[in-house]
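A.B. asks: Shown below is the structure under consideration.
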Amino acid sequence: MLPRHNDPIAAIATAPGRGAVGIVRVSGKGIAQLVRALCAKDLKPREATYLPFKDAAGSPIDHGLAIYFPGPHSYTGEDVLELQAHGGPVVLQLLLARCLEAAQATNADGKPVLAGLRLAQPGEFTERAFLNDKIDLAQAEAIADLIDASTEAAARSASRSLSGAFSQEIQVLREALVHLRMLVEATLDFPEEEIDFLKKADAFGQLDRLQAQVATVLGKAHQGALLREGIKVVIAGQPNAGKSSLLNALAGAELAIVTPIAGTTRDKVQQTIQIEGVPLHVIDTAGLRDSDDEVERIGIARAWDEIAAADAVLFLHDLTRVQQADYAAADADIAATLQQRLPAQVPVIHVLNKTDMAEQAHQACTDQLALSARTGDGLDTLRKRLLEVAGWQSAPEGLYLARARHVEALQAVQAHLEMADEQLQAQASHLDLLAEELRLAQLSLNSITGEFSSDDLLGVIFSSFCIGK
Ligand SMILES: Nc1nc2c(ncn2[C@@H]2O[C@H](COP(=O)(O)OP(=O)(O)O)[C@@H](O)[C@H]2O)c(=O)[nH]1
Ligand SMILES: [Mg+2]
């Protein structure tokens with residue numbers, strides 16, 4: 001464990017700015033003396049006590065509630081003190097400074113009241129909770145995800161992950177995997193009987209069932225990751241096709257400027273909308289055409305950058321102009337470039353806009369959608385299509401929030417189990433290779449809940465938290 005994990009830490013736990021209440025939090029091993037120095041009395045564990053928070057000279061900074069949670073029954077698993085004061089930035093800064101100062105002061109035996117108390121890094125309280133086995137890594141991530149949740153569905157699923165629903169499923173997979181590994185490792189010690197022994201012990205069936213279970217969990221994790229991260233949808237097309245109008249219609253607000261003048265949109269405009277709780281980051285771009293205007297050209301280059309990073313592209317066509325030869329030719333050029341620049345798995349949805357102006361009702365073919373950004377006709381079909389493209393299967397009950405990291409780890413587990421399966425099915429099975437694949441599968445599985453995680457990974461995860469959490 002890094003030495004910094006032993007220091008006592010302090011931080012303002014509430015959001016910066018003004019609020020009715022603000023909280024300063026201290027965590028460390030053996031902070032009872034600091035509690036006494038700050039509160040001028042011993043506090044009953046986990047009970048709120050109303051008292052003055054005094055500065056070194058004895059005059060009150062504020063009055064408020066102090067709560068002492070002796071470890072291990074606390075958020076971090078260490079001793080924790082929470083001071084609830086009025087939520088002004090200056091009051092809280094003074095209170096925080098007072099904690100640091102009181103910790104440095106020496107007591108009767110000439111030692112500091114609480115040696116080494118320092119300001120906490122972002123996420124450090126939660127990191128301690130993880131290191132002290134109060135929660136596993138997937139739950140720690142769920143705390144940040146709950147705080148960051150942008151939709152109700154995301155918040156509810158994060159809360160389910162936090163209470164351990166996701167970790168529980170990983171645990172079930174791990175037990176099945178460990179069982180199979182024990183079987184294979186035992187067989188390694190008795191090479192004569194090898195494969196017959198494994199057959200009798202139903203190793204084939206166990207591996208099959210495990211693969212099916214992993215596939216189910218992966219499916220759910222994928223949905224959970226979608227809820228957390230959403231997908232990036234870029235609207236592209238020629239000038240005046242109605243791209244900005246479509247963004248506005250989807251967002252239900254006038255975000256992008258709409259005019260009949262070609263080349264109005266020069267820089268990208270982005271808005272996150274939600275459909276059934278799934279966040280979609282929709283990006284309106286400059287119309288694609290050859291332009292002599294320097295600013296517009298930069299806008300068009302940016303549009304192509306956005307398109308290259310999209311999860312899905314809405315390619316807009318203006319129904320009032322599709323019959324014109326030069327318009328159709330320019331659309332064909334864009335389509336060709338799209339095909340060149342986009343990875344094969346990124347879907348392009350062709351959207352025929354301005355149905356309200358089209359002379360005859362337009363029959364869209366299967367890979368096309370017809371709508372009117374002006375009247376809103378056909379928008380619902382587009383929304384459904386976007387959810388399909390995102391891979392959203394309308395929320396199964398009990399969904400938990402997951403991260404791309406979890407999905408990748410489960411995919412790695414799946415790949416190792418497939419290789420293990422190949423070894424098992426092979427004419428001349430190499431049991432040592434089989435054992436190795438199962439071991440690697442378990443390492444990947446463990447990385448989700450943090451049974452095995454490098455300090456680097458922990459650094460990345462916890463540094464994205466807010467300070468005081
Ligand atoms: N009739 C009709 N006009 C539309 C529709 N969508 C956009 N327009 C008009 O087409 C013009 C260009 O729209 P805009 O959204 O700025 O196109 P962009 O250049 O692709 O962003 C504006 O005059 C819009 O009012 C539609 O669905 N029906
Ligand atoms: Mg525009």
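A.B. asks: Convert each backbone phi in the range 6-13 into a coupling constant with the Karplus relation 6.51 cos²θ - 1.76 cosθ + 1.60 (shift: θ = phi - 60°), then list the ³J(HN,Hα) values in order as whole Hz, x for Gly and Pro.
C.D. replies: Karplus values, whole Hz, x for Gly and Pro: 9, 5, x, 10, 9, 6, 7, 8.
A.B. asks: Just going by the charge dipole of the chain, with Lys and Arg at +1 and Asp and Glu at -1 on Cβ, which of L424, T259, C39 is farthest out on the positive end?
C.D. replies: C39
A.B. asks: Could I ask something else about it? What does the charge count around S150 come to, taking other residues whose C-beta lies under 14 Å from its C-beta (Lys +1, Arg +1, Asp -1, Glu -1)? Don't skip to the end; give the middle numbers.
C.D. replies: Working: positive: R156, R228; negative: D145, D148, E152, E229, E276.
Value of the local net charge: -3.
A.B. asks: When a/c is below 1.5 the answer is rounded, else prolate if a/b is larger than b/c, else oblate, so apply that to the range 369-439 with a ≥ b ≥ c taken from the square roots of the Cα gyration tensor eigenvalues.
C.D. replies: Values: a/c = 4.85, a/b = 3.11, b/c = 1.56.
Prolate, because a/c is 1.5 or more and a/b exceeds b/c.
A.B. asks: Counting Lys and Arg as +1 and Asp and Glu as -1, what is the net charge of the other residues whose Cβ lies under 10 Å from the Cβ of A56? All intermediate terms of the calculation are to be shown ahead of the outcome.
C.D. replies: Working: positive: K54, R98; negative: D55, E101.
Spelling it out: positives minus negatives among the neighbours equals 0.
A.B. asks: Turning to a different aspect of this structure: Taking loop as defined by DSSP and a crowding limit of 13 other beta carbons within 10 Å, which trypsin sites (Lys or Arg not before Pro) in the range 222-266 fit? List each step's numbers first, then the result.
C.D. replies: Details: sites: R228, K232, K243, R266; in loops: R266.
Hits after loop and neighbour filter: nothing returned.
A.B. asks: Would you mind calculating the gained length between A308 and D133 on full extension (0.36 nm times residue separation, minus the Cα-Cα distance), in nm to one decimal?
C.D. replies: Taking 0.36 nm per residue and subtracting the Cα distance, the gain is 58.8 nm.
A.B. asks: Among A332, Q84, P343, which residue has its Cα furthest toward the positive end of the charge dipole of the chain, with +1 on Lys/Arg Cβ and -1 on Asp/Glu Cβ?
C.D. replies: Q84
A.B. asks: Dipole of the range 265-369 (Lys/Arg Cβ +1, Asp/Glu Cβ -1, origin at the Cα centre): which of V322, I300, A310 lies farthest to the positive side?
C.D. replies: Final value for the positive-end residue is A310.
A.B. asks: Tell me, which longest segment in the chain has none of the GluC sites (Glu not before Pro) that fall in DSSP loops with at most 16 further Cβ atoms within 10 Å?
C.D. replies: That would be 48-191.
A.B. asks: Separate question: Post the alpha-carbon centroid distance, the range 240-266 to the range 5-32, in whole angstrom.
C.D. replies: Answer, in whole Å: 47.
A.B. asks: Describe numerically, in nm with one decimal, the distance between label points set 7 Å from Cα along Cα→Cβ at R297 and at C466.
C.D. replies: 4.5 nm
A.B. asks: Label A426 and D267 with points 7 Å out from Cα along Cα→Cβ: what is the distance between them in nm?
C.D. replies: 5.8 nm
A.B. asks: Quick one: work out the % antiparallel among DSSP beta bridges in the chain, nearest 5.
C.D. replies: In the chain, approximately 60 percent of DSSP beta bridges are antiparallel ones.
A.B. asks: For a quick check: with amide H placed at 1.01 Å from N, whose amide H comes under 5 Å from G263's, ignoring anything fewer than 5 positions away on the same chain?
C.D. replies: Amide H neighbours of G263, under 5 Å, 5+ apart: N240, G287.
A.B. asks: From the helices alone, meaning DSSP H stretches of at least four residues, give me the mean residue ellipticity at 222 nm for the chain, per-run term -39500 (n - 2.57), in deg cm²/dmol to the nearest 500.
C.D. replies: Computed ellipticity for the chain at 222 nm equals -15000 deg cm²/dmol.
A.B. asks: Give me the number: length gained by fully extending E276 to R439, i.e. 0.36 nm times residue separation minus the C-alpha to C-alpha distance, one decimal in nm.
C.D. replies: 54.8 nm
A.B. asks: Just to be sure I understand the rule: take each whole DSSP H helix in the chain, project its Cα atoms onto its long axis, keep it if the span is 30 Å or more and its mean Kyte-Doolittle hydropathy is at least -0.5. Which ones pass?
C.D. replies: Length and hydropathy pass: 165-189, 203-229, 404-425.
A.B. asks: Now for a different question. Between beta-carbons, use under 12 Å as the cut-off and find the net charge around G378, counting Lys and Arg +1, Asp and Glu -1.
C.D. replies: +2
A.B. asks: Quick check: Cα centre of the range 47-86 to Cα centre of the range 307-323, how many Å?
C.D. replies: The range 47-86 and the range 307-323 have Cα centres separated by 58 Å.
A.B. asks: Suppose every Lys and Arg Cβ carries +1 and every Asp and Glu Cβ carries -1, with no other charges. What dipole size does the chain come out with about its Cα centre, to the nearest 20 debye?
C.D. replies: In debye, rounded to 20, the chain gives about 1960.
A.B. asks: Further question: Apply 1/(1 + (r/R0)^6) to the Cβ-Cβ distance of L255 and A201, taking R0 = 51 Å, and write down the FRET efficiency to the nearest 0.05. Each step should come with its number before you reach the end.
C.D. replies: Numbers: r = 62 Å, r/R0 = 1.22.
E between L255 and A201, to the nearest 0.05, is 0.25.
A.B. asks: Can you work out the FRET efficiency for the pair Q171 and L100, with r the C-beta to C-beta distance and R0 = 30 Å, to the nearest 0.05?
C.D. replies: 0.15
A.B. asks: Go from 0 up to the bin containing the longest alpha carbon distance in the chain, width 20 Å each, and give me the % of pairs per bin.
C.D. replies: Result returned by the calculation: 20, 35, 33, 12, 0.
A.B. asks: Using +1 on the beta carbon of Lys and Arg, -1 on that of Asp and Glu, and nothing else charged, what's the dipole of the range 242-370 about the Cα centre, debye to 20?
C.D. replies: Details: 9 positive and 19 negative charges, 29 e Å.
Approximately 140 debye in magnitude.
A.B. asks: Just to verify a number: FRET efficiency for Q121 and R321, C-beta to C-beta distance, R0 = 56 Å, to 0.05? Walk me through the intermediate numbers first.
C.D. replies: Values: r = 57 Å, r/R0 = 1.01.
E between Q121 and R321, to the nearest 0.05, is 0.50.
No value in this document is a laboratory result; all are computed from the given coordinates. Remember, it's a predicted structure, so these values are computed and weren't measured experimentally. Virtual Cβ from ideal backbone geometry, glycine too; neighbours counted across all protein chains shown.
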